[in-house]
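*Asks:* Can you read through this structure? Questions will come right after.
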Amino acid sequence: MRWFSLVAIYFLFWFITLFVVLPFSARTAEEAGEKPVIGHAESAPHDFRPWTVVWRTSLVAAVLLAAFWFVHAEGWIDVQISSAAAGRIP
């Protein structure tokens, strides 16, 4: 597998993982025991830490990419188009 393909797959995993990791550790002002800021939604995070989200997302995406690469290297996933399917491509 080419390195550029791995980079592209990593970023796909990264953005999918971002939406999975984002809700974790997000506490509202009420849950934190603080008064909500006037003008903010009640569901807005009280203390949002974007670098923590980026770090967690990158770590999970790297683990997923390693698992994907292992499965591909072992031959459990074949990315070649079969001759029967290639004949149907217009």
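A short reminder: the numbers here are calculations on the coordinates, not readings from a lab. What you see is a predicted model; the values in this text were computed from it and never measured. Cβ atoms come from the backbone with ideal geometry, glycine included; neighbour counts cover every protein chain shown.
*Asks:* Taking helices (runs of 4 or more DSSP H) that fall entirely within the chain, which contain at least 2 residues that are surrounded by 12 or more Cβ atoms within 10 Å (Cβ to Cβ)?
*Replies:* Hits in the chain: 3-21, 29-32, 50-73.
*Asks:* Consider region 51-85. How many of its residues are in contact with a Phe, Trp or Tyr (Cβ under 8 Å, 6 or more places away or on another chain), closer than 14 Å to residue 10 by Cβ and not hydrophobic (A, V, I, L, M, F, W, C)?
*Replies:* Total meeting the criteria: 2.
*Asks:* Which of the residues that make up region 67-80 are more than 22 Å from residue 22 (Cβ to Cβ) and of a type outside the set (S, T, N, Q)?
*Replies:* If the condition is that a residue be more than 22 Å from residue 22 (Cβ to Cβ) and of a type outside the set (S, T, N, Q), then 69, 70, 71, 72, 73, 74, 75, 76, 77, 78, 79 are the ones that fit.
*Asks:* Here's another thing I want to ask about it. Please list, ordered by first then second residue, the pairs with beta carbon atoms under 7 Å, 6 or more apart or interchain, first in region 46-69 and closer than 23 Å to residue 36 by Cα, second outside any helix (DSSP H, G or I) and aliphatic (A, V, I, L, M).
*Replies:* 53/22
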